[in-house]
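Scroll down for the structure; my scribbles are underneath it.
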Amino acid sequence: MLRLIERVFSDCEDCPSVLLANMHITSDVELNLKRMEEVVQQAHTHGANILIFPELCVTGYVWEDQGRGEVEELLAAGENSRIAPTLKRIRDGLRDDGKGLEYVFFNNVRRKDDGLYNSTFILHHSLDYNREEFIYDKIFLPPLEQLYFKQGTDRRLTIETKWGSLGFLTCYDLCFVEMARKYALKDKVDAIVTMAHWRSEAVREYDRMNIMTDHYYGYLWNLMNSSKAAYNQVWSLAANAVGPHQVTGDYFWGGSGVWAPSGMKLIQASNITAELILVRNLDLRGQRRKEQDDFDYQIDFARFFKPIEEEGSCPQQLPLKS
């Protein structure tokens with residue numbers, strides 16, 4: 001069982017308790033499924049209403065296998081049709097009375113007619129997780145993933161729960177602000193859920209300023225989640241994998257966490273070890289309204305964005321002194 005860190009956001013028992021799985025994901029499907037079921041059991045035990053797993057939590061992240069077929073074999077073994085008994089057990093155990101686990105969000109490979117997709121699924125007792133309208137296919141694929149996955153369309157996934165409206169991103173999507181903006185301003189979501197296998201290590205150095213980091217990608221994860229929440233005035237609920245890749249050794253940042261609509265970090269998991277983060281009574285709708293009551297960006301955005309979009313830009317060449 002993973003260590004669980006618990007915080008209480010409010011006294012409102014009608015608000016959801018959200019569990020984020022900051023997990024180490026292997027390249028062993030059976031082991032990953034076993035760990036996922038253990039986390040689901042912990043979610044039941046501790047009264048979580050929503051459970052969020054990282055990206056590719058069934059198969060682990062892909063790697064460049066030089067055409068040996070190892071990755072394709074792994075993805076085939078983890079595809080939903082191959083793990084249906086596990087998914088059925090998880091789904092059959094879900095509730096819909098506000099007194100236990102109702103939603104499990106997970107990301108996995110899925111096969112469609114023209115190839116494989118990196119997809120987000122919703123487990124809920126009244127939903128068919130294979131129905132197209134309840135699936136989000138990752139849109140922004142980094143070069144490595146383009147070797148194995150097809151790009152999703154620009155169709156977003158939004159669900160309305162009794163606690164608020166949720167939109168979904170996957171990992172690299174975080175870097176493209178337009179997606180989050182549309183969720184917030186067009187779909188009016190209260191929270192954006194992000195599932196990721198976000199790396200840690202990259203060097204950025206400014207030697208004359210005596211500034212350097214060897215965890216630049218980790219810095220970006222923290223920055224993107226905070227800024228996404230702040231400039232859209234929505235919650236950011238993000239689950240990331242943690243620890244070394246079983247095959248390549250590449251290190252994943254972890255740092256699963258909750259960012260309020262102010263952009264402030266409320267809690268964040270370890271960057272080193274696997275653990276669970278549980279936040280009780282998270283007021284998704286109410287806190288977003290409070291943030292907007294103080295200062296609502298959307299009012300001015302609605303007034304100005306459309307005219308700006310229609311007018312476009314008008315570059316001017318400034319005269320240069322001879």
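Computed from the coordinates by the stated procedures, all read-outs in this text should not be read as laboratory data. All of these numbers come straight from a predicted model, not from anything done at the bench. Virtual Cβ from ideal backbone geometry, glycine too; neighbours counted across all protein chains shown.
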Open item on the list: Using a Förster radius of 22 Å, what is the FRET efficiency between residue 113 and residue 37 based on their Cβ-Cβ separation? Nearest 0.05, please.
Closed with: 0.10
Task: Using θ = phi - 60° and Karplus 6.51 cos²θ - 1.76 cosθ + 1.60, couplings along the range 276-290 (whole Hz; Gly, Pro as x) - done: 10, 10, 10, 10, 8, 6, 7, 7, 5, 6, x, 5, 5, 5, 4
Open item on the list: At 7 Å along Cα-to-Cβ for each site, give me the label-to-label distance between residue 151 and residue 219 in nm.
Closed with: 2.9 nm
Task: Residue with peak Gaussian network fluctuation, the chain [Cα springs, cutoff 10 Å], from 132, 145, 201 - done: 132
Open item on the list: Here is the link list: 150/182; 150/186; 162/182; 162/228; 150/290; 34/290. Which ones come out longer than 32 Å on Cα distance?
Closed with: 150/290; 34/290
Task: Proxy reagent accessibility, fewest Cβ within 10 Å first, across 25, 211, 139 - done: 211, 139, 25
TODO: Could you pull out every one of the aspartates and glutamates with an alpha carbon less than 12 Å from that of residue 112, ignoring same-chain neighbours closer than 8 positions?
DONE: 79, 132, 137
TODO: For the chain, set up a Gaussian network in which alpha carbons nearer than 10 Å are linked by springs, and say which option among 249, 100, 164 fluctuates the most.
DONE: 249
Task: Sorted by Cβ density within 10 Å, fewest first, the residues 207, 296 - done: 207, 296
Task: Principal axis box of the chain, alpha-carbon based, largest edge first, Å - done: 73, 52, 45
- [ ] List every residue whose amide H lies under 5 Å from the amide H of residue 168, counting only residues 5 or more places away in sequence or on a different chain, with H placed 1.01 Å from N in the peptide plane.
- [x] 157, 193
Open item on the list: Under 10 Å, Cα contacts only: if you run a Gaussian network model on the chain, which one of 138, 182, 112 comes out with the highest mean-square fluctuation?
Closed with: 112
Task: Simple spin-label estimate for residue 209 and residue 132 in nanometres, 7 Å along Cα-Cβ - done: 4.8 nm
Open item on the list: Suppose we flag chymotrypsin sites (Phe, Trp or Tyr not before Pro) only when DSSP calls them loop and at most 15 other Cβ atoms lie within 10 Å. Which is the longest uninterrupted stretch of the chain?
Closed with: 1-175
Open item on the list: List residues of the range 96-133, by number, whose backbone nitrogen lies under 20 Å from a label position 7 Å along Cα→C-beta of residue 162.
Closed with: 96-105, 122-128
- [ ] Taking 7 Å along the Cα-to-C-beta vector as the label spot, tell me the residue 72-residue 201 distance in nanometres, rounded to one decimal.
- [x] 3.0 nm
- [ ] Take 277, 5, 83, 272 and order them by how many other Cβ atoms sit within 10 Å, fewest up front.
- [x] 272, 5, 83, 277
